[in-house]
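The values are calculated or read from the model by the stated rules, or taken from the named source; none is laboratory data. In this text, all values refer to a predicted model and were calculated from it rather than measured experimentally. Reconstructed Cβ throughout: ideal geometry from the backbone, glycine too, with neighbour counts over all protein chains shown.
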Amino acid sequence: MKESYLGVNVSPLTYEGIIEEIRSRMLRREQSTIIAVNPEKVMTAQKDPQVRELINGATFQIADGVGILLASKLKKGSITSRVTGVDMMARLLKFAAEDHHPIYLYGAKKEVVEQAAVKITEQNPGIEIAGLTDGYEQDEEALVQRIQESGAEILFVALGSPKQELWIRRNMDRLENVLVFQGVGGSFDVFSG
Ligand code: UDP
């Protein structure tokens, strides 16, 4: 059961729980979206119903930030540990390598995404990177086609919020080969370092 904070949903699942659900959703060829929720986003959602709808429309809203844990504790909720965007991405990379799901990296500066791909390959033997594109690419149509044809099944989008979530929502129907979408903010910068 999801918990709600000022009208914003948060999933109580752990990393493992989310991976398990994603595994079964992938078998059914159902697309999944993951969005990180922090107090800043909850506040933005108060002022902007579109942002709230964007968050609540995702498959998994992860509790990124101690603010959500504190709020859950106060209302005796079931969210007991943080699920950060960057750690969720790391778990998905491990899953992708083990279960042979090609990934695509979209976002950040060219040298950052390229270096992130090098590090990700080193840290996850066997992983297949179907492609990568920096976040300053102009031609969205061409990019969507490239991703669709790349064979990628998991797509990480690092454009910052809410740009990355809007991009995912706008294009996911056309990216029918991609089954998992995660908006990862500055995570490529973390992996590249
Ligand atoms: N970025 C991008 N294209 C843009 C704007 C931002 O690729 O048009 C990238 C930027 O290079 C950085 C990431 O998006 O790697 C934004 O990270 P930030 O930490 O600002 O995002 P947050 O997690 O705070 O939403």
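What are the pairs, 6+ residues apart or on separate chains, where a residue within the range 73-96 that is more than 19 Å from residue 153 (Cβ to Cβ) and modelled with pLDDT of 95 or more has its Cβ under 9 Å from a residue that is surrounded by 15 or more Cβ atoms within 10 Å (Cβ to Cβ) and among the aromatic types (Phe, Trp, Tyr)?
Pairs found: 83/15; 83/60; 86/191; 87/15.
Looking at the range 83-93, which of its residues are surrounded by fewer than 21 Cβ atoms within 10 Å (Cβ to Cβ) and in contact with an Asp or Glu (Cβ under 7 Å, 6 or more places away or on another chain)?
Hit for the range 83-93 is 84, nothing else.
Could we say that residue 115 is free of Cβ contacts under 8 Å to residues at least 60 places away in the same chain and not hydrophobic (A, V, I, L, M, F, W, C) here?
It is false that residue 115 is free of Cβ contacts under 8 Å to residues at least 60 places away in the same chain and not hydrophobic (A, V, I, L, M, F, W, C).
Cβ-Cβ distance below 6 Å, separation of 6 or more or different chains: which pairs start in the range 160-187 with a residue that is more than 24 Å from residue 40 (Cα to Cα) and near the ligand (Cβ under 10 Å from one of its atoms) and end on one that is assigned to a strand (DSSP E or B) and at pLDDT 95 or above?
That search, which allows pairs on different chains as well, returns nothing.
Looking at 136, 104, which one is within 16 Å of the ligand (Cβ to nearest atom) and buried (at least 19 other Cβ atoms within 10 Å of the Cβ)?
104
Does the range 65-80 include one or more residues that are surrounded by 17 or more Cβ atoms within 10 Å (Cβ to Cβ), part of a strand (DSSP E or B), at positive phi and not polar (S, T, N, Q)?
No - not one qualifying residue is present in the range 65-80.
So which residues in the range 20-68 are of a type in the set (D, E, K, R) and within 14 Å of the chain's Cα centre (by Cα), if there are any at all?
Hit for the range 20-68 is 64, nothing else.
Return yes when residue 192 is on the phi < 0 side of the Ramachandran plot, within 14 Å of the ligand (Cβ to nearest atom) and surrounded by fewer than 19 Cβ atoms within 10 Å (Cβ to Cβ) and no when it is not.
For residue 192, the condition - on the phi < 0 side of the Ramachandran plot, within 14 Å of the ligand (Cβ to nearest atom) and surrounded by fewer than 19 Cβ atoms within 10 Å (Cβ to Cβ) - is met.
Please go through the range 9-40 and pick out each residue that is of a type in the set (D, E, K, R) and either assigned to a helix (DSSP H, G or I) or without any contact (Cβ under 8 Å) to a residue 40 or more places away in the chain (or both).
Across the range 9-40, the qualifying residues are 16, 20, 21, 23, 25, 28, 40.
Hey, any hits in the range 103-111 for a residue that's in the same structural domain as residue 130 (by TED's automatic domain parsing), within 19 Å of residue 160 (Cα to Cα) and of a type in the set (Phe, Trp, Tyr)?
There is at least one residue in the range 103-111 that is in the same structural domain as residue 130 (by TED's automatic domain parsing), within 19 Å of residue 160 (Cα to Cα) and of a type in the set (Phe, Trp, Tyr).
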